Amino acid sequence: MITVSGLDLQFGKRILFQDVNLKFAPGNCYGIIGANGAGKSTFLKIISGELDPTRGTVSLAPGERLSVLSQDHFAFDEFTVLDAVLMGHSTLWKVMSEKNAIYAKENFTDEDGIRASELEEKFAEMEGWNAESDVAALLSGLGIREELHYKLMRDLSGKQKVRVLLARALFGKPDNLLLDEPTNDLDLDTVAWLENYLSNFEQTVLVVSHDRHFLDSVCTHTVDIDFSKLKMFAGNYSFWYESSQLALRQQQQQNKKAEEKKKELEEFIRRFSANVAKSKQTTSRKKMIEKLNIEEIQPSSRRYPGIIFTPAREPGNQILEVSGLTKTIDGEVLFKDLNFNVEKDDKIVFLSHDPRAMTALFQIINGEEEADSGTFKWGQTITTACLPLDNAQYFNSDYNLIEWLSQFASDTNEVFLKGFLGRMLFSGEELLKKVSVLSGGERMRCMISRMMLKDANTLILDTPTNHLDLESIQAFNNTLINFKGNVLFSSHDHEFIQTVANRIIELTPNGNIDKMMEYDDYITDSRIAELRGRM
C-alpha cells in the first residue's frame, strides 16, 4: 500500500501538480499517463524518495519493500549479472554478504557461529536458497541466456543491461513496484512475457509507459496527470482515451441536454465494459470497470498532432516485387532468398528476432543499401516516403524548423510552413529553434512532417513509434488505419501492429513466413509457432 497525502510539487513559479491525495492498493496496477512534461517520471521519483515534494507526504505500509526500475545503466558494471539482480532485494543481499563474509574468516569464533546461525534463519525465512534459481528464471524470461548470468554487467550490450535491470526490479516480488518505461528496448516476445508476469503479480505496481497494449494488458487503474491534478479511475488506457474523446465531443455539442449526455456516457461505459470482458488481451483477474462517477469524465487538455497522409496519385496494381533477396552482416544471415509481392491495399508488418533484418530490408528497397543477392522492382505508379530508424543525419545543421522543412516542400511560403508545423504542435518561438538541439520526439515529428509533404502512396516505416509520446502514437496509428495506400513497417508496439497490419511477413535466416491475418491470431497460432521452430 502506498499513501500519498497533500502532495504539491513546484519548480519556481511552475506548479507541476498540487494537493494530490491518492492510495495505491495491493493487487492493482496503476498506469500513470500524461502529456510530455506533465510529471509522470517525476511523480515516480517522489514515490521512491529520490525527489522531495514541495509539500506533503508519501508513506508505505509498515515493513513493506519498494523496488524501482533503475535508469542508471552503469551503476552495476563491476558486478556479475546474477549479483546485480540479487542486489535488487537489499535485505536479502545484506544477509547473504554478511553470512558469506563470516564463513570466509580464517579464525571462526563462537560469536561468529551464533551470528551465522541467526543469518541462516533470516536467509531461510526469505527463501534465500531459491534466490539464484528465481533470478535465473527471471533472466531467462527476459531473454538473458544462461551463459551471460556470470558475466560482468559492463560486458553486456545496452539492451541486455535494460533487461537485467528489469529483472533486478522484479526480483523477490516486492510489495510495491515502480516501473518507468519498462518495455523500452524489449522485443515483442519479451513484452508479452512481462505482460503475463505483471498480470499475475499480486502486489502494488505503478507504471509509466508509451506502449498502449502494455498499459491495457496490465493496468487495472489509470492515473491521469492533467490540469496540475492527478485523477485516478478504474480502467485501462483505452477506456481513458475513449471516454475523454467522448467528453470532448459532448463539450463541443453545447446544445445537448445534461440528461442526454449522461445517458450517452452510461451507454458508453456499458459497451466498453462488455468489450473488456471479452478481450483476450486484458487482465482477466481484475474487474476493469468499477464504480465510476460519470460527472468526473472530462475532456483532456492533451494536444494531438495533425498527421495526415494524402497520396497525390492512386497506386496501380503493381506495387513491389521482391525476388531472391539475401542479406548478411558480419557473416550473420539476416534473411535469405526472400520472395514476396506487395498487393494493392497491403499493410505489411515485418517481424524478426533480429531487428537489423527489417532495417536492412527497408534500406535495400529504399535504394540506400545493396543486397548480397536478389532483386526488387517498384511499380511505375508508386511513390514512397520513408521513416528511417536512425534520423541523425537529417539534423546536422544550423537550420531552424522553418528552414529545415522548406528543403522538402514545393511550397516554401513561410505562412504555409508555419501552418504545417503548427499542425505538428510546433508554434511560436519553437519555430526558430535549431534542429540540432531537438529532442527525439521533436525530431520524429519533423520526420513525419517531411513524409507528409511527399504525398506518397507507399509508406516505409522502421519502428515508427520510437521517441513518440502517447498522443503522437495515437494520432499516427489512427491515420495509418485509414490511409488509402500501402504501408510496409516494423514495430515493437503490439497495438500499432494489430490495428494497422493486414499481412505479416516474418524474416528468418532460413526463409520467411508470409500470412494474411491479424497479429493477435498470428502470435497464438500453434501451426505458425511450429513452423517458426523449424526455421
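The values are calculated or read from the model by the stated rules, or taken from the named source; none is laboratory data. Given the structure is predicted, the values throughout are model-derived calculations rather than measurements. So basically every Cβ, Gly included, is an ideal-geometry build from the backbone, and we count neighbours across all protein chains shown. Ligands, DNA and RNA are excluded from the accessible area calculation, which covers all protein heavy atoms including side chains. Shrake-Rupley method; radii C 1.70, N 1.55, O 1.52, S 1.80 Å.
Quick look at the numbers
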item: Any hit, region 374-382, residues being farther than 30 Å from Ile523 by Cβ and free of Cβ contacts under 8 Å to residues at least 12 places away in the same chain; result: no
item: Checking Glu495 against (1) closer than 25 Å to Asp330 by Cβ; (2) touching a helix residue (DSSP H, G or I) at 6+ places or on another chain (Cβ under 6 Å); (3) open to solvent by 40 Å² or more (accessible area, probe 1.4 Å), the condition it does not meet; result: (1)
item: Positions within region 426-436 being open to solvent by 10 Å² or more (accessible area, probe 1.4 Å) and either touching a residue at least 40 places away in the same chain (Cβ under 8 Å) or of a type in the set (Gly, Ala, Ser) (or both), in sequence order; result: Ser427, Gly428, Ser436
item: Matching entry among Ser439, Ser490 (being open to solvent by 10 Å² or more (accessible area, probe 1.4 Å) and of a type outside the set (Phe, Trp, Tyr)); result: Ser439
item: Pick from region 196-227, criterion surrounded by fewer than 20 Cβ atoms within 10 Å (Cβ to Cβ) and among the acidic types (Asp, Glu), ranking: nearest to the chain's Cα centre (by Cα); result: Asp226
item: Qualifying helices (runs of 4 or more DSSP H) (wholly inside region 109-176; at least 2 residues being in contact (Cβ under 8 Å) with a residue 60 or more places away in the chain); result: 158-170
item: Boolean, Ala371 is in contact with a helix residue (DSSP H, G or I) (Cβ under 8 Å, 6 or more places away or on another chain), farther than 23 Å from Tyr522 by Cα and hydrophobic (A, V, I, L, M, F, W, C); result: yes
item: Any hit, region 171-180, residues being farther than 18 Å from Ala35 by Cα and modelled with pLDDT under 90; result: yes
item: Filter pass, Leu488 being under 29 Å from Gly379 (Cα atoms) and not in a helix (DSSP H, G or I); result: yes
item: Residue in region 79-132 that is least open to solvent (accessible area, probe 1.4 Å), counting only those that are of a type in the set (D, E, K, R) and within 18 Å of Pro174 (Cα to Cα); result: Asp83
item: Number of the exception - Gly12 against (1) open to solvent by 60 Å² or more (accessible area, probe 1.4 Å); (2) in contact (Cβ under 8 Å) with a residue 60 or more places away in the chain; (3) among the small types (Gly, Ala, Ser); result: (2)
item: Cross-chain or 6+ apart pairs with Cβ under 6 Å, region 34-56 first and within 23 Å of Gly440 (Cβ to Cβ) and at pLDDT 90 or above, then open to solvent by 20 Å² or more (accessible area, probe 1.4 Å) and part of a strand (DSSP E or B); result: Ser41/Asp180; Leu44/Asp180
item: Pick from region 165-192, criterion touching a Lys or Arg at 6+ places or on another chain (Cβ under 6 Å) and open to solvent by 10 Å² or more (accessible area, probe 1.4 Å), ranking: farthest from Gly49 (Cα to Cα); result: Asp185
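Here is a yes/no grid of residues against (1) closer than 19 Å to Leu320 by Cα; (2) modelled with pLDDT of 90 or more:
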{"site": "Leu421", "(1), (2)": "no, yes"}
{"site": "Val437", "(1), (2)": "no, yes"}
{"site": "Asp455", "(1), (2)": "yes, yes"}
{"site": "Tyr519", "(1), (2)": "no, yes"}
{"site": "Met535", "(1), (2)": "no, no"}
